[in-house]
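Participant: Input: one structure, supplied below.
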């Protein structure tokens, strides 16, 4: 038995996975904060201003590369770890394991795949249009006229449904991810772990509801 | 009590195993799980069959030898209980009991339900000890240790190395075992001196033996017969991180 191509330690995988994940969790907060401006009710004026600000900020430009790096690291490591873990038990059990764990933690890889597919769709809707790979649509005239594109995308009940289901899956992923990141960094202590778990649950619910409000608003109210 | 038994039979590491179905009648509810298997083996031998091989030694929950995957859980349905301390009264009369060996790439099957746990031994040999110059016995209390710390080190030291954590983990990760061993030494003054070197060596050996990566599902804590907490995994992660960042090359 040998490492078979794993030159960095198992624990180092965990730190990198957790660090990338923690950065992505912070990004989600920023992303949600900006997106909620879509609901300002001024035809996307405030939202467009914030987009302009983000587009001109050099710091944001750098963070965009960091963000892509974090996504790629997190996804690739997730796949590498999953393959390694499956190989660690070549013969499975006859009886389905009944050990007490939360479903959130058991299906991180599966929820991750769903989020990845959603990410591709989401990039196709907005980011790749901004980069000029796809033509602008809806009432948009420029590549970063996101507000009319949002209005257009969420006219379709299918898109609304796909986005909301993805946000729920994302919430499940985050519910485990939040406290798991602390555990991986070695921050698990009876003093503060209960608080971390509570904050993690609130965070996961807030992200799911916060993002879900946007498609619902554009489909039913706008 | 009467039971239907579904037991994994495998001649040796090289051959393919399969499940065999048996019926066993007149089992006393007071029998321990291993006594039930002894009783069953006696019957098999009388009938001219091969007895089912399983590992056991102390039969009082402290040696870590016995370890069977019973009805989907290592050491059976009770928490904080080893297979030898499990009694037949915990099972429903007339039910089917499925008995499997630990499943992990790092625990190859030797025969039937016996697996080779040398990989744990290898991890211990890599750093699970304290180097001390022997001599005359020291006076008690020459090295003061905070009661809370010594209690906590003891909580880690109660690990019997049975391998239930690996068997329970969906990734067959040995993180709980290794972290208990790393932590029990790291917390005490005698073990602190070599703490950084120890965690690096033990984690490297753990990876080398083919265990999976911990993904914080905490199945290990749930099924550990000694109730070892996953807080020790966090402690190992801290120890490893500080060792990687702070320790010297030479």
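Participant: Measure out, as a whole number of angstrom, how far apart the alpha-carbon centroids of the range B:111-126 and the range B:1-39 sit.
Facilitator: 23
Participant: Sticking with this one: Work out the FRET efficiency for residue A:46 and residue A:19 from their Cβ-Cβ distance, taking R0 = 41 Å, and round it to the nearest 0.05.
Facilitator: About 0.80, to the nearest 0.05.
Participant: For a footprinting-style exposure proxy, rank B:178, B:203 by other Cβ within 10 Å, fewest first.
Facilitator: B:203, B:178
Participant: Rg to Rh for the range B:121-250: what is it, with Cα atoms only and Rh by Kirkwood?
Facilitator: Rg divided by Rh gives 0.98.
Participant: Give the angle, between 0 and 90 degrees and rounded to the nearest 10, that separates the Cα long axis of helix A:10-35 from the longest principal axis of the Cα atoms of chain A.
Facilitator: Value to nearest ten degrees: 20.
Participant: If you count, for each residue, the other Cβ atoms within 10 Å and average over each peptide, how do A:91-97, B:21-27 line up from highest to lowest?
Facilitator: Ranked by mean Cβ neighbours within 10 Å, highest first: A:91-97, B:21-27.
Participant: Two-decimal Rg/Rh of the range B:16-129 from alpha-carbon positions, Kirkwood Rh?
Facilitator: Ratio of gyration radius to Kirkwood radius: 0.98.
Participant: Give me the percent of DSSP beta bridges within the protein assembly as shown that run antiparallel, rounded to the nearest 5.
Facilitator: 75
Participant: So, one more: Taking the beta-carbon count within 10 Å as an exposure proxy, list B:92, B:122, B:239 from fewest neighbours to most.
Facilitator: Fewest to most other Cβ atoms nearby, the residues stand as B:92, B:122, B:239.
Participant: Which translational diffusion coefficient, to the nearest whole µm²/s, is obtained for the range A:114-222 from the Stokes-Einstein equation, given a Kirkwood hydrodynamic radius over C-alpha pairs, 37 °C and 0.692 mPa s?
Facilitator: Rounded to a whole number, D works out at 209 µm²/s.
Participant: If you take the Cα Rg of chain B and divide it by 2.2 N^0.38 Å, with N the number of residues, what do you get?
Facilitator: 1.13
Participant: Also: So for B:16, B:181, B:226, fewest C-beta neighbours within 10 Å to most, what's the order?
Facilitator: B:16, B:226, B:181
Participant: At R0 = 25 Å, how high is the FRET efficiency between residue B:118 and residue B:92 if r is their beta carbon distance? Nearest 0.05 is fine.
Facilitator: 0.10
Participant: Report, in cubic angstrom per residue, the convex hull volume of the C-alpha atoms of the range A:39-87.
Facilitator: 88
Participant: Cβ neighbours within 10 Å, averaged per peptide: list B:161-174, B:38-51, A:105-118 in order, most packed at the top.
Facilitator: Ranking the peptides B:161-174, B:38-51, A:105-118 by packing returns B:161-174, A:105-118, B:38-51.
Participant: Take the Cα of residue A:61, step 7 Å along the line toward its Cβ, and report every residue of the range A:118-134 whose backbone nitrogen sits under 16 Å from that point.
Facilitator: A:131
Participant: Treating the angle as unsigned and between 0 and 90°, give the value, to the nearest 10°, between the Cα long axis of helix B:33-46 and the longest Cα principal axis of chain B.
Facilitator: Tilt of helix B:33-46: around 40 degrees.
Participant: Could you list the residues of the range A:151-169 with an amide nitrogen less than 16 Å from a label point located 7 Å from the Cα of residue A:124 in the Cα-to-C-beta direction?
Facilitator: Under 16 Å, as judged by backbone N against the label point of residue A:124, lie A:153-154, A:156-164, A:166 of the range A:151-169.
Participant: Given R₀ = 56 Å, FRET efficiency for residue B:139-residue A:116 by Cβ-Cβ distance, to 0.05?
Facilitator: The pair residue B:139/residue A:116 has a calculated efficiency of 0.35.
Participant: For the range B:175-250 and the range A:159-222, what is the separation of their C-alpha centers, rounded to whole Å?
Facilitator: 30
Participant: How far is helix B:147-157 tilted, in degrees, relative to the longest principal axis of the Cα atoms in chain B, given as a value from 0 to 90 rounded to the nearest 10?
Facilitator: Value to nearest ten degrees: 40.
Participant: A follow-up question, please. Kirkwood Rh, Cα Rg: Rg to Rh for the range B:1-69?
Facilitator: Ratio value, two decimals: 0.97.
Participant: Sticking with this one: Provide the convex hull volume over Cα atoms per residue for the protein assembly as shown, in Å³.
Facilitator: Given the Cα convex hull of the protein assembly as shown, per-residue volume reads 202 Å³.
Every number in this text was worked out from the coordinates using simple rules, so none of it is lab data. No experiment lies behind these values; they were computed from the predicted model shown. No Cβ is skipped: glycine too gets one built from the backbone with ideal geometry, and neighbour counts run over all protein chains shown.
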